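The structure appears right after this line, and notes come after that.
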Amino acid sequence: MKRRNFVVNSAKAGLALTALGGYACKQTKKEPESEEVAVVTEERTSPFFELSLAQWSINKMIREGGTDPYTFAEKAKAWGFTGLEYVSQLYHPELEKGNYSPEAMKAFVDKSNAEAEKHGMKNVLLMIDGQGALAAADEAERKAAVENHFKWVDAAAAMGCHSIRVNLQGSMEQDEWIEASTDGLTQLSTYAKDKNVNIIVENHGGPSSNGAWLAEVMKSVNMDNCGTLPDFGNFCVKREDGSYYASKCIEEYDKYKGVEELMPFAKAVSAKSYDFDADGNETKIDYVKMLKIVKEAGYTGFVGVEYEGSVLSEEEGIIATRDLLIKAGKQV
């Protein structure tokens, strides 16, 4: 079967799912003889994690197709997810008009909460971009970036999110980056601590995609509410033009080694996907191998789907990634 046909068919079938994991149980298990047997069977056939959807997976629908970002909860529910991972930049046009005022931020929080409640979804985290360089070498610039994130910590607390995901952009030199990152994260985590919000860092280009360096930062910060968001992709540490994202990658960190180094500090996990073969497997990432690393670290929280491919539509890619996670999760 051709790859696209496989995934399209999988997508159509997958839309019928309303309780992840339960579908497979109904199809494969015999009628249990006792309640105890039923519990054991359910444990064996269900993945060890919950599924959330990263809003970036529908960024093209929103930025190019005109989809209202506040339909996120409705769409995620229809696709069989239980958790929501919001992306701040998808709301920037609206928030910039209000100059990120307390009133504008409250409107964002209230509308997001209302939609999540309406569709029975759980707010998991906010992914924050464009708020300054938390690892800037200049102390004043770094402090300004920290303070720019305060409003998002407050929003996360009001939405019941456990974390905000931040970037550690700034210096590109190892020692300077580690020192600046430690200071920026310590300041922000101190602010967030009393609000019961975690500050988590994704491997997201440049020095942050070096698993060993980021792990060193975590050890240096050494705060309970500061951790990582290991992403199965995003391990490019150097690009042709020296940027974080804009040009061809010329040096990539070992993705499996990197995830293993970051999992001891993980408070969320991101399952990146790009393309799929005829069997529904990701062509660049071994999901079974990745999920073994995640499980062996003792992680049982949300794993977020983040589709970034171009061959499939966003909906098809989301569903293919979801189905692959369920399949791979039951194999580990």
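The values are calculated or read from the model by the stated rules, or taken from the named source; none is laboratory data. All of these numbers come straight from a predicted model, not from anything done at the bench. FYI the Cβ positions are ideal-geometry reconstructions off the backbone, even for glycines, and counts take in every protein chain you see. Please note that ligands, DNA and RNA were not included when accessible areas were found on the heavy atoms of the full protein model with its side chains. Shrake-Rupley method; radii C 1.70, N 1.55, O 1.52, S 1.80 Å.
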Checklist line | Given (1) among the hydrophobic types (A, V, I, L, M, F, W, C); (2) more than 24 Å from GLY233 (Cβ to Cβ); (3) buried (at least 18 other Cβ atoms within 10 Å of the Cβ); (4) out of contact with any His (no Cβ under 7 Å at 6 or more places or on another chain), index of the condition LEU188 fails | finding: (4)
Notebook entry, point to check: Can you find even one residue in region 201-221 that is out of contact with any strand residue (DSSP E or B) (no Cβ under 7 Å at 6 or more places or on another chain), open to solvent by 50 Å² or more (accessible area, probe 1.4 Å) and either assigned to a loop (DSSP other than H, G, I, E, B) or touching a residue at least 40 places away in the same chain (Cβ under 8 Å) (or both)?
Noted result: yes
Notebook entry, point to check: Of the numbered conditions (1) in contact (Cβ under 8 Å) with a residue 12 or more places away in the chain; (2) more than 20 Å from MET127 (Cβ to Cβ); (3) surrounded by fewer than 18 Cβ atoms within 10 Å (Cβ to Cβ), LYS195 satisfies every one except a single condition; which is it?
Noted result: (2)
Checklist line | Set TYR287, TYR274: member being surrounded by fewer than 20 Cβ atoms within 10 Å (Cβ to Cβ) and either of a type in the set (Phe, Trp, Tyr) or within 23 Å of PHE48 (Cα to Cα) (or both) | finding: TYR274
Notebook entry, point to check: Hey, does region 48-63 have a residue that's out of contact with any Gly (no Cβ under 6 Å at 6 or more places or on another chain), at pLDDT 95 or above, at positive phi and of a type in the set (Gly, Ala, Ser)?
Noted result: no
Notebook entry, point to check: Of all residues in region 222-247 being at pLDDT below 85, of a type in the set (D, E, K, R) and assigned to a loop (DSSP other than H, G, I, E, B), which is most open to solvent (accessible area, probe 1.4 Å)?
Noted result: GLU240
Notebook entry, point to check: Is it fair to say MET263 is on the phi < 0 side of the Ramachandran plot and more than 17 Å from the chain's Cα centre (by Cα)?
Noted result: no
Next item on the list: Give me a count of the residues in region 71-107 that are of a type outside the set (Gly, Ala, Ser), outside any loop (DSSP other than H, G, I, E, B) and over 17 Å from LYS118 (Cα atoms).
Entry: 14
Next item on the list: Would you point out which residue out of VAL259, VAL305, VAL311, VAL294 is in a strand (DSSP E or B) and either within 19 Å of VAL237 (Cα to Cα) or out of contact with any Pro (no Cβ under 6 Å at 6 or more places or on another chain) (or both)?
Entry: VAL305
Next item on the list: Look at region 159-178 and say how many of its residues are surrounded by fewer than 23 Cβ atoms within 10 Å (Cβ to Cβ), of a type outside the set (D, E, K, R) and in a helix (DSSP H, G or I).
Entry: 3
